[in-house]
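Engineer: One structure coming up, written as structure tokens, with questions to follow.
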Amino acid sequence: MRKLFHFHGGIHPPSNKTQSTQTAITSAPLPTKLTIPFHQHAGETAKPVVKVGDHVLKGQLIGMPDGFVSSAVHASTSGTIAAIDMQLIAHPSGLPNLCATLIPDGKDEWVTLNPVDYRSHSVAELQQLLRMAGVVGLGGAAFPSDVKLRIGKQKIKTLILNGAECEPYITCDDMLMRERAAEIVQGAEILRFMLDADEVLYGVEDNKPEAIAALQQAITASKSAQQNKSHEVIAIPTIYPGGSAKQLIRVLTGLEVPSGKLPTDIGVQCFNVATAYTVHRALAHGEPLLSRVVTITGNVRKAQNYEVLIGVPINELVALSVALSDTNGYIMGGPMMGVPLHAMNAPGPAVQVPVVKATNCVIAASAKLFPPPQPALPCIRCTRCVEVCPADLQPQDLYWFAQSKEFGRAQAFSLFDCIECGACSYVCPSHIPLVQYYRFAKSEIRAREYDKLLADQARERHDYREHRIEREKREKAEKLAAKEKAAQAAKLAAQPLTPQQQTEQAELAARREHIREVAQSAVEHPEG
Amino acid sequence: MFFSPFISKPDSVAQIMLKVILALIPGIALYVWYFGPAILVSITLASITALATEAAMLKLRNRPIGPFLKDNSALLTAWLLALSIPPLAPWWLVVVGTAFAIAIAKQLYGGLGNNPFNPAMVGYAVLIISFPVHMTHWLAPQGLVLAELSFAQQLQYIFSGVLPPSLTLDAISMATPLDTLKTHLHLEESVQQILNMPIYGHLGGQGSEMVALGFLIGGLYLLASRIISWHIPVAYLGSLFIIAAIFHLVDPTHYVAPLFHLFSGAAILGAFFILTDPVSSPTTNKGRLIFAAGAAFLTYMIRVFGGFPDGVAFATLLMNISVPLIVLYTQPKVFGKKGKQS
């Protein structure tokens with residue numbers, strides 16, 4: 001039995017997971033229209049490489065990665081590009097983003113796929129293949145996986161496969177592990193190969209015994225994993241936010257990722273189990289990331305997991321599970337960290353937004369499941385938030401600094417180490433929306449730093465301009481002086497000396513020489 | 001449905017305060033058993049005054065009255081203050097003390113969550129400085145004084161100040177066991193002689209030691225239900241015990257045994273109910289230990305060398321002042337900044 005470690009705090013909210021694990025993953029039918037955003041990942045927006053009216057095949061590249069941190073975007077099915085314009089996406093800002101509208105032709109016709117054997121390629125080639133396959137982290141942050149695999153000279157000891165899935169309601173990883181464990185293990189082996197890691201640890205919360213058994217079985221059955229005997233499934237205690245990367249690393253290895261550093265700095269890298277699955281599909285089958293498993297749950301008639309094409313409107317997806325009549329909104333993600341989607345015509349992102357690579361779950365909400373927040377009372381410093389904070393912060397102090405706009409002190413109290421897990425808000429007896437205050441403070445600080453950067457740049461530009469004008473003036477003056485001098489010399493040179501002048505000059509030089517000699521001897525023989 | 005998290009624990013400030021109030025009940029029950037029902041009159045008086053003052057102040061401050069009256073925090077202040085005042089005190093003493101605690105010590109500082117000092121202890125301090133005579137006439141346990149008043153006579157005295165003919169206040173009341181000990185030590189009597197007086201029981205004063213035991217039971221309930229953490233009660237009672245033990249071991253004729261200090265006066269009540277007030281105590285665990293140890297030291301010094309019979313209230317207030325400093329210097333290390341890897 002491996003020794004496990006624990007992190008400070010954490011909470012045990014009702015898990016509400018069993019509702020959506022009764023049925024196997026089902027493929028969602030082709031919709032009438034797909035909206036595929038070009039910015040589904042962390043980093044730069046992909047550049048459209050198709051035009052309106054183009055016919056595209058399933059898996060065809062429509063967005064080219066643009067910049068170091070960026071990822072490709074593909075057509076999820078075959079059809080016609082009807083529009084490339086700004087559309088609403090599931091972002092808390094409610095701002096639109098560049099999307100391609102794809103009208104499926106119903107044939108679901110693939111491009112030619114190029115499966116590769118990862119062992120016959122260099123790591124750099126594999127990174128490029130993953131980048132062009134649009135593989136990003138499926139745990140929620142959608143960070144391009146190829147970037148996480150570019151580790152430079154650092155030695156990676158441990159590769160962690162995150163199957164914790166600690167947020168209530170969400171079961172997409174659980175079901176994927178139960179049903180497709182073999183492919184996850186093969187993907188994990190590819191990742192291990194690319195990182196040259198010594199061991200692969202699968203962290204799965206102990207409330208998923210079926211998933212743990214399936215993974216163990218897949219590891220035993222897998223030839224490549226068997227070869228190096230380095231894969232191990234570890235049941236970790238069920239506690240939120242145990243699936244947060246830094247907390248999971250702590251539990252499995254006892255190491256703490258230093259503040260402001262990356263896991264690779266301590267020889268660990270972490271990928272979601274669904275990402276490993278996608279890596280396997282992308283290389284062994286040549287399939288780019290076109291679909292993912294999404295949990296539809298909450299206030300619906302039949303909660304379950306669907307395999308969904310990227311770009312399917314969420315309202316069409318929820319309709320498959322039939323939202324009950326008292327549904328008053330939707331949450332994309334889990335109840336702890338998810339983004340609210342409103343019913344039609346309400347402010348903020350609406351439920352018609354498309355499923356993207358980061359969409360792991362959609363919860364239909366009702367007043368009964370998610371009662372409206374009670375009015376907030378003042379903080380009584382009871383420190384229940386301190387007790388549950390997985391980052392060992394003092395949430396009550398951060399709240400105080402945020403609301404009084406003492407951003408400097410908030411930073412000094414490690415505001416940016418807050419992972420916004422919401423455990424503090426969950427336990428607050430005064431019902432203060434604490435995380436909201438931290439988000440506000442963080443965005444204010446970022447905005448100020450950006451403003452300061454702009455101001456600094458402007459000042460630098462101004463200073464440089466002043467300096468340049470000064471220099472040009474000086475150079476002009478110098479040039480002028482040089483010109484004058486040259487003119488004078490030329491004038492002198494133009495007049496040849498008379499013999500008399502020549503003797504005068506020679507006499508002057510001789511006198512100067514004499515004076516120098518006298519002075520010299522006086523210095524050398526002071527008393528003489 | 002505005003922002004995450006969308007779920008929360010079914011808990012509230014009102015529930016926390018209510019649980020603390022309920023935890024006082026075993027102590028109060030034993031109070032009534034040993035000293036009669038007069039304490040219930042002061043608790044009722046204080047409660048009414050606290051709620052009325054809170055409502056009036058909220059109105060003056062243009063704050064919503066309903067949610068703050070229902071948070072039970074004013075009631076808790078009222079109960080704690082009432083338990084610190086002699087039950088036979090005239091009605092206006094309770095009213096003045098409670099009104100001061102709520103209006104000045106709590107609301108003028110910004111109300112719930114914003115008071116740097118424990119309001120009940122501010123109320124107590126004002127009363128003992130302004131009305132020292134009224135604050136020292138305590139009820140004696142039954143059978144220990146010359147004459148006993150019926151409940152009706154007690155009520156009459158509380159509200160009109162009129163005693164039955166031929167009785168004086170001194171005849172029906174007594175000083176607290178701590179006060180008595182101090183007075184008699186000044187008369188050059190030894191601790192052993194003094195503790196033989198009938199007002200003393202096994203651990204502290206007769207009756208009052210049982211009340212302290214009642215508060216201890218309530219305090220253990222608060223610990224068990226995780227409303228308070230162990231740091232303050234353990235550090236406070238532990239430090240008080242150690243300091244008293246050192247003095248007692250050096251000179252047992254002048255310094256009473258440590259258990260006496262724990263079960264006398266407001267030590268137990270202070271350890272579990274007063275010093276643990278979240279608003280006016282430190283938020284860090286290390287800070288709580290320092291805060292409580294400091295309060296224990298001050299309590300002992302005031303009790304043994306100071307001018308007041310008990311020191312819990314002043315010790316609390318003095319340590320309340322130090323809270324921001326203590327908290328600043330006891331910040332725990334943040335995840336990823338611990339400097340050590342294990």
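Engineer: Can you return the aspartates and glutamates within cross-link range of A:Lys229? Criterion is Cα-Cα under 13 Å, with same-chain partners fewer than 8 residues away left out.
Structural biologist: Of all the aspartates and glutamates, those that pass the test against A:Lys229 - Cα under 13 Å, at least 8 places apart if same chain - are A:Glu189, A:Asp198, A:Glu199.
Engineer: Rounded, prolate or oblate: pick one for segment A:281-392, where a ≥ b ≥ c are the square roots of the eigenvalues of its C-alpha gyration tensor, a/c under 1.5 means rounded, and failing that, prolate if a/b is larger than b/c, else oblate.
Structural biologist: Here segment A:281-392 falls in the oblate category.
Engineer: Taking H as built 1.01 Å from N, whose amide H comes closer than 5 Å to the amide H of A:Ser291, not counting residues under 5 places away?
Structural biologist: A:Ile310
Engineer: Under 15 Å from the Cβ of B:Asn285, count the other residues' Cβ atoms, weight Lys and Arg +1, Asp and Glu -1, and hand me the total.
Structural biologist: +3
Engineer: No other cysteine beta carbon under 4.7 Å away is the test; run it over chain A and list who passes.
Structural biologist: A:Cys99, A:Cys166, A:Cys172, A:Cys270, A:Cys361, A:Cys379, A:Cys382, A:Cys389, A:Cys418, A:Cys421, A:Cys428
Engineer: Quick one: check the C-alpha center-to-center distance for segment B:117-136 versus segment B:27-52, whole angstrom.
Structural biologist: 17
Engineer: I'd like to know which of B:Thr283, B:Gly97, B:Val32 lies farthest towards the positive end of the charge dipole of chain B, counting +1 on Cβ of Lys and Arg and -1 on Cβ of Asp and Glu.
Structural biologist: Value computed over the given set: B:Thr283.
Engineer: In addition: Considering only B:Leu213, B:Phe305, B:Ile232, whose Cα is most displaced toward the positive end of the charge dipole of segment B:176-330, charges sitting on Cβ of Lys, Arg (+1) and Asp, Glu (-1)?
Structural biologist: Comparing the listed Cα positions along the dipole, B:Ile232 ranks first.
Engineer: For segment B:13-174, with the dipole built from +1 on Lys and Arg beta-carbon atoms and -1 on Asp and Glu ones, taken about the Cα centre, which of B:Asn118, B:Leu149, B:Ser130 lies farthest toward the positive end?
Structural biologist: Result: B:Asn118, furthest along the dipole toward the positive end.
Engineer: Hey, another quick one. Sort B:236-243, A:329-336 by packing, meaning the average of other beta carbons within 10 Å per residue, with the highest value first.
Structural biologist: A:329-336, B:236-243
Engineer: With θ set to phi - 60° and the Karplus curve 6.51 cos²θ - 1.76 cosθ + 1.60, what are the ³J(HN,Hα) couplings of segment A:419-432 in order, to the nearest whole Hz, using x for Gly and Pro?
Structural biologist: Karplus-based 3J(HN,Hα) across segment A:419-432 equals 9, 6, 6, x, 4, 5, 5, 4, 9, 4, x, 8, 6, 7 Hz.
Engineer: As a quick test, which of the pairs A:Lys47/A:Lys405; A:Lys51/A:Lys107; B:Lys19/B:Lys106; A:Lys47/A:Lys157; A:Lys357/A:Lys442 have an alpha carbon distance above 28 angstrom in this structure?
Structural biologist: Correct reply: A:Lys47/A:Lys405; A:Lys47/A:Lys157.
Engineer: Here's something else I'd like to know. Once the other residues with Cβ under 11 Å from the Cβ of A:Thr278 are scored (Lys, Arg +1; Asp, Glu -1), what is the net sum?
Structural biologist: Neighbourhood net charge equals +2.
Engineer: What is segment A:97-193 by shape, rounded, prolate or oblate, if you read a ≥ b ≥ c off the alpha carbon gyration tensor as root eigenvalues and call it rounded for a/c under 1.5, prolate for a/b larger than b/c, and oblate otherwise?
Structural biologist: It comes out oblate by the Cα gyration axes.
Engineer: Hey, can you grab everything whose amide H is under 5 Å from the amide H of A:Lys47? Only 5+ residues off in sequence or another chain; H modelled, so Pro and N-termini drop out.
Structural biologist: Sorted by chain and number, the residues that satisfy this are A:Met64, A:Asp66.
Engineer: By a straight-distance test (C-alpha under 15 Å), which aspartates and glutamates pair with B:Lys338 as possible cross-link partners, with residues fewer than eight away in the same chain excluded?
Structural biologist: A:Glu256, A:Asp392, A:Asp417
Engineer: Under a point spin-label approximation (7 Å from Cα along Cα-to-Cβ), what is the A:Ala42-A:Lys491 distance to one decimal in nm?
Structural biologist: 7.3
Engineer: Same structure, new question: Quick check: net charge around B:His186, other residues with Cβ under 15 Å of its Cβ, Lys/Arg +1 and Asp/Glu -1?
Structural biologist: In short, -1.
Engineer: Which is the longest stretch in chain B that no exposed loop site breaks, taking sites as trypsin sites (Lys or Arg not before Pro) with a DSSP loop state and at most 10 other Cβ atoms within 10 Å?
Structural biologist: B:1-225
Engineer: Let me ask you something else. Could you give the size of the charge dipole of segment B:176-330 about its Cα centre, using +1 on the Cβ of each K and R and -1 on the Cβ of each D and E, expressed in debye and rounded to the nearest 20?
Structural biologist: 520
Engineer: Provide the gained length on full extension for the span A:Ala83 to A:Glu406, in nm with one decimal, where the gain is 0.36 nm per separating residue minus the Cα-Cα distance.
Structural biologist: That pair, A:Ala83 and A:Glu406, stretches by 111.7 nm at full extension.
Engineer: Would you please give the residues with an amide H less than 5 Å from that of B:Tyr109, counting only those at least 5 places away or on a separate chain, with H modeled from the backbone geometry?
Structural biologist: Result for B:Tyr109 returns nothing.
Engineer: Please say if chain A is rounded, prolate or oblate, where rounded means a/c under 1.5 for a ≥ b ≥ c the square roots of the C-alpha gyration tensor eigenvalues, and otherwise the choice is prolate for a/b larger than b/c and oblate otherwise?
Structural biologist: Judged from the Cα gyration tensor, chain A comes out prolate (a/c at least 1.5, a/b above b/c).
Engineer: Can I ask one more? Give the percent of DSSP beta bridges with both residues in the protein assembly as shown that are antiparallel, rounded to the nearest 5.
Structural biologist: Counting DSSP beta bridges with both partners in the protein assembly as shown, the antiparallel share is about 60 percent.
Engineer: Something else: About the Cα centre, and with charges only on the beta carbon of Lys, Arg (+1) and Asp, Glu (-1), how big is the dipole of the protein assembly as shown? Nearest 20 debye, please.
Structural biologist: Value, rounded to 20: 1160 debye.
Engineer: Mind checking the dipole of segment A:105-159: about its Cα centre, +1 per Lys or Arg Cβ, -1 per Asp or Glu Cβ, Debye to the nearest 20?
Structural biologist: 600
Engineer: Let me ask something additional. Under a straight-distance cross-link criterion of Cα-Cα below 20 Å, which lysines are reachable from B:Lys333, leaving out those fewer than 8 residues away in the same chain?
Structural biologist: A:Lys246, A:Lys261, B:Lys286
FYI, it's all coordinate maths here, none of it is from the lab. Please read all numbers here as calculations on a predicted model, not as lab measurements. Please note: Cβ atoms are built from the backbone with ideal geometry, for glycine as well, and neighbour counts cover all protein chains shown.
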